[in-house]
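Pasting in a structure now, in structure tokens, and then I'll have a few things to ask.
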Amino acid sequence: MEKIEIKVRCLSGNEDIPLPFYETVGSSGMDLRSAVEGDVVLSPGEIRLIPTGMAVSIPSGYEGQIRPRSGLSLKNGIGMVNSPGTIDSDYRGEIGIIAINWGQKSFTIKRGDRIAQMVITKVYRAEIIGVNDLDSTQRGEGGFGHSGVE
């Protein structure tokens, strides 16, 4: 398995927040933890920006994808509005999680809670070429639901 170096900087006042790490050998995502000051209560339908207290340096040619944690989603309805979120290789600001409560009950986020996960992936840059015609396929211009439900 290829490994790359990701530099992580804890922002001032957040030294108590653990750095991201892989929970198991087979994990593809590293847990990110909340750096909230005091408890944050997310009411049903509410969207909040949850700080992580850290910034990263991702090498050129890679990105960080920020994804919801499946357990929080299933058990509490907690997800992310922009899932997956993207951390570009040239971004050096604090990672923030745009959390939403899709559940039916309020949910409390405490300092240090695991709230999202970060997956590092390779990025390919596309060369865009304007053309008059595209190659044909069996599907053609068939849109949403075109292939049916069976």
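Just so you know, all these numbers are worked out from the coordinates, no wet-lab data involved. Given the structure is predicted, the values throughout are model-derived calculations rather than measurements. Quick reminder, even Gly has a Cβ in these numbers, built from the backbone with ideal geometry, and neighbours come from all protein chains shown.
Sort M30, M1 so the one with the fewest other Cβ atoms within 10 Å of its own Cβ comes first.
Lowest count first: M1, M30.
May I pose another question? Taking loop as defined by DSSP and a crowding limit of 14 other beta carbons within 10 Å, which GluC sites (Glu not before Pro) in the range 14-81 fit?
Numbers: sites: E15, E23, E37, E46, E63; in loops: E15, E23, E37, E46.
Qualifying residues, ordered by number: E15, E23, E37, E46.
About the Cα centre of the chain, how large is the charge dipole given +1 on each Lys and Arg Cβ and -1 on each Asp and Glu Cβ? Please answer in debye to the nearest 20.
Working: 16 positive and 19 negative charges, 105 e Å.
Computed charge dipole of the chain: roughly 500 debye.
What are the GluC sites (Glu not before Pro) within the range 81-142 that DSSP puts in a loop, where the Cβ has at most 10 other Cβ atoms within 10 Å?
Values: sites: E94, E127, E141; in loops: E127, E141.
Those satisfying the criteria are E127, E141.
For G112, which sequence-distant residues (separation of 5 or more, or a different chain) have an amide H within less than 5 Å of its own amide H, given hydrogens modelled in the peptide plane?
S34, A35, V36
Under a 10 Å cutoff between Cα atoms, tell me which one of G26, G61, G13 has the largest fluctuation in the Gaussian network model of the chain.
Taking springs between Cα atoms under 10 Å, the residue moving most is G26.
Follow-up question, since we're still on this one. Which loop-located trypsin sites (Lys or Arg not before Pro) does the range 85-142 contain, where loop means any DSSP state but H, G, I, E or B and the Cβ has at most 14 other Cβ atoms within 10 Å? Don't skip to the answer; put the middle values down first.
Values: sites: R92, K105, K110, R111, R114, K122, R125, R139; in loops: R92, K105, K110, R111, R125, R139.
Loop-located and lightly packed - R92, K105, K110, R125, R139.
If you take every residue apart from P68 with its C-beta less than 15 Å away from the C-beta of P68, what net charge results, scoring Lys and Arg +1 and Asp and Glu -1? Walk me through the numbers on the way to the answer.
Working: positive: R33, R48, R67, R69, K75, R114; negative: D31, D113.
So the environment of P68 carries a net charge of +4.
Looking only at the range 49-63, which residues have a backbone nitrogen under 16 Å from a spot 7 Å from the Cα of L19 in the C-beta direction?
53-59
Could you please tell me the mean projected area of the C-alpha convex hull for the range 7-122, averaged over all directions and given in square nanometres to one decimal?
Result: 7.0 nm².
Let me ask you something else. What's the extension gain from K75 to V119 if we count 0.36 nm per residue and subtract their Cα-Cα distance? Numbers along the way, then the final one.
Working: separation 44, 0.36 × 44 = 15.84 nm, distance 2.19 nm.
13.7 nm is the gain from fully extending K75 to V119.
I would also like to ask the following. Based on the Cβ-Cβ distance of S136 and N82, what FRET efficiency does E = 1/(1 + (r/R0)^6) give at R0 = 30 Å, to the nearest 0.05?
Working: r = 34 Å, r/R0 = 1.14.
Efficiency for this residue pair is about 0.30.
Could you work out which residue, out of Q138, Q104, Q117, moves most in a Gaussian network model of the chain, that is, has the largest mean-square fluctuation with Cα springs under 10 Å?
So, out of Q138, Q104, Q117, the one fluctuating most is Q138.
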